[in-house]
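The structure appears below as structure tokens.
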Amino acid sequence: MSSAHEHPKADIALRVKAIESLLVEKGIVEPAALDTIIDAYEHRIGPHSGARIVAKAWTDPAFKQRLLADGTGAIAELGLTGFSSEHMVVVENTPAVHNLIVCTLCSCYPWAILGLPPTWYKSFAYRSRAVIDPRSVLQEFGLEISEQVEVRVWDSNADLRYLVLPERPAGTEGMTEEQLSVLVTRNAMIGTAKVDSPKSERVASEAAP
Amino acid sequence: MNGPHDMGGMHNMGPIPIEADEPVFHSEWEAKVFAMSFATFGNYFPVDETRHASERMPPAQYLSASYYERWLYALELLITEHQLVTQAEIEERMAQLAQDR
């Protein structure tokens, strides 16, 4: 009996269509439900939710304290708990510590907060190397972490997922939570980037009387 | 389980494939595999069983498959093991669809 792995890659789309038509025919999945799931992950669920959490932590010290003590509870306060993000630990970047998230076994990732992971997060290269040579991984992302800074790597699993609370960049004093959330990138919340200071023209215009 | 999925610390996996402005899915079949898996796990089998199914992929295939090819493998294994669909039905439907193309 043959199965997916014994077939050439050209047959994959056909195999998927066959499985879909059978599951639909048997009433196991509904076409509309499949479209809703795809649309949700393509358009609605994504890193903007994580960015809201980060911006709130940057502007509300009490929330930040709760977030670091009990990520799951603090994220629930914002109504952002969701599938694949039921149990969350938030780790804080500081001038002395840089955190990096990986899933060595597969691709565990806080879907409800960051959306689906990028290909690099799921790649064998990232999964294998993040835990033994994180600095070289970060260099590939253009991030040089000083030898004085400790790099901590967190290996996710199906039950527990992580989020990096990046450092708030310079030049953001006086910015609102909403303005701050725009600066926060997906990679900064995984630990493969830092949050950049706002573009210089913006700082200049804000500094102008 | 001790298999190729337990990848932490392995050497020689090459540079990290960083893609700028990456789409959520790279093709329609990837999106469909994701959605069918999402719609069935929880209802017919738990998420943990799905990951375990992809870990049962033979090592040489695991290492040459793409991410959603591994998901497809897991989906097919689980729907047939749980007797939602038979392997023969899948092959038959594929032959039919190929003819209709």
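Annotations for the structure displayed:
- Condition met for A:SER107 (within 24 Å of B:GLY3 (Cβ to Cβ), in the same structural domain as A:THR81 (by TED's automatic domain parsing), in contact (Cβ under 8 Å) with a residue 24 or more places away in the chain and within 13 Å of the chain's Cα centre (by Cα)): no
- Qualifying residue in region A:6-24 (condition: at negative phi and touching a residue at least 60 places away in the same chain (Cβ under 8 Å)): no
- Among the conditions (1) open to solvent by less than 10 Å² (accessible area, probe 1.4 Å); (2) within 11 Å of another protein chain (Cβ to nearest Cβ); (3) assigned to a loop (DSSP other than H, G, I, E, B), A:LEU105 misses just one, which is (1).
- Selected residue (criterion: farthest from the other protein chains (Cβ to nearest Cβ)) from residues of region A:118-134 that are open to solvent by 10 Å² or more (accessible area, probe 1.4 Å) and in contact (Cβ under 8 Å) with a residue 12 or more places away in the chain: A:PRO134
- Scanning region A:176-199 for residues that are of a type outside the set (Gly, Ala, Ser) and out of contact with any Leu (no Cβ under 8 Å at 6 or more places or on another chain) yields A:THR176, A:GLU177, A:GLU178, A:GLN179, A:LEU180, A:VAL182, A:LEU183, A:VAL184, A:THR185, A:ASN187, A:LYS199.
Condition check ((1) within 9 Å of chain A (Cβ to nearest Cβ); (2) among the hydrophobic types (A, V, I, L, M, F, W, C); (3) open to solvent by 30 Å² or more (accessible area, probe 1.4 Å)) across all residues:
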site	(1), (2), (3)
B:GLU28	yes, no, yes
B:PHE45	no, yes, no
B:ARG70	yes, no, no
B:LEU77	yes, yes, yes
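- The set of residues in region A:179-201 being open to solvent by less than 30 Å² (accessible area, probe 1.4 Å), within 23 Å of A:ASP133 (Cβ to Cβ) and either aromatic (Phe, Trp, Tyr) or in a loop (DSSP other than H, G, I, E, B) (or both) consists of A:GLY191, A:THR192, A:ALA193.
- Hey, B:ASP6 farther than 14 Å from A:ARG127 by Cα and within 7 Å of another protein chain (Cβ to nearest Cβ) or not: no
- Helices (runs of 4 or more DSSP H) contained in region B:28-101 and holding at least 3 residues within 23 Å of A:ASN157 (Cα to Cα): B:28-40, B:47-55, B:59-64, B:67-81
- Qualifying residue in region B:14-23 (condition: of a type in the set (A, V, I, L, M), more than 8 Å from every other protein chain (Cβ to nearest Cβ) and not in a loop (DSSP other than H, G, I, E, B)): no
- Total residues in region A:156-178, condition open to solvent by 60 Å² or more (accessible area, probe 1.4 Å) and without any contact (Cβ under 8 Å) to a residue 40 or more places away in the chain: 3
The values are calculated or read from the model by the stated rules, or taken from the named source; none is laboratory data. Source: prediction; values computed, not measured. Note that each Cβ is placed from the backbone with ideal geometry, even for glycine, and that neighbours are counted across all protein chains shown. Please note that ligands, DNA and RNA were not included when accessible areas were found on the heavy atoms of the full protein model with its side chains. Shrake-Rupley method; radii C 1.70, N 1.55, O 1.52, S 1.80 Å.
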